[in-house]
Amino acid sequence: TYWKIEMRNDDKKRQSGCPVAFGLDTFGDRWSFVIIREIMLRGKKTYNEFLEMEEGIATNILADRLKHLQVEGIIAKAPNPDNRRSYIYSLTGKGLDLAPIVLEIVFWSGKYDDRPFAVRTVFNKIKKDRSGFEAQIRDSHI
């Protein structure tokens, strides 16, 4: 009998064993990371709130990234108790473990991006007390 071994897309992406490649495959594309930012720093929780992001995400991309982040265990999806037709998205423990990375990117960007940006206050809070700000993020998502 002929056996065909199929490789899943996840296996193809992660065949190098590189931890940086693994991280980027898991959460590192632009839209996934922006969704994580929205939940973590701006308190957004619903599909419609994500659609209102200033970056202007397309509905099909949003649906795909939300599903991907769920499959990866970064976010959880639960029925919205206030609206049975919608869902609430939240960070899991695995997602909250990305807080230092998100904060480091905000800090790095604040240091090198000369353009004014909306989260300058976040940058200043991180600069003043990075560990306290991270603890505040974790406490607000428990």
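The values are calculated or read from the model by the stated rules, or taken from the named source; none is laboratory data. What you see is a predicted model; the values in this text were computed from it and never measured. No Cβ is skipped: glycine too gets one built from the backbone with ideal geometry, and neighbour counts run over all protein chains shown. Each accessible area value is taken on the protein alone, full model and side chains, heavy atoms only, with ligands, DNA and RNA left out. Shrake-Rupley method; radii C 1.70, N 1.55, O 1.52, S 1.80 Å.
Per the listing I57, I75, the residue uniquely over 12 Å from the mean Cα position of the chain (by Cα) and in contact (Cβ under 8 Å) with a residue 24 or more places away in the chain is I57. Selection within region 95-142: residues that are in a loop (DSSP other than H, G, I, E, B), within 18 Å of I36 (Cα to Cα) and modelled with pLDDT of 85 or more. The member of this set that is most open to solvent (accessible area, probe 1.4 Å) is D97. Within region 88-116, residues that are without any contact (Cβ under 8 Å) to a residue 40 or more places away in the chain sit with their Cβ atoms under 9 Å from residues that are exposed (fewer than 14 other Cβ atoms within 10 Å of the Cβ) and assigned to a loop (DSSP other than H, G, I, E, B), at 6+ positions apart or across chains, in these pairs: T92/G73; G93/G73; K94/G73; S109/F117; G110/F117.
Could you tell me whether region 49-67 includes any residue that is under 22 Å from A135 (Cβ atoms), open to solvent by 70 Å² or more (accessible area, probe 1.4 Å) and out of contact with any Lys or Arg (no Cβ under 7 Å at 6 or more places or on another chain)?
Step one: filter region 49-67 for residues under 22 Å from A135 (Cβ atoms), giving none.
No, that holds for no residue.
Looking only at residues of region 78-87 that are of a type outside the set (S, T, N, Q), part of a strand (DSSP E or B) and without any contact (Cβ under 8 Å) to a residue 40 or more places away in the chain, we find that the one that is nearest to S140 (Cα to Cα) is A78.
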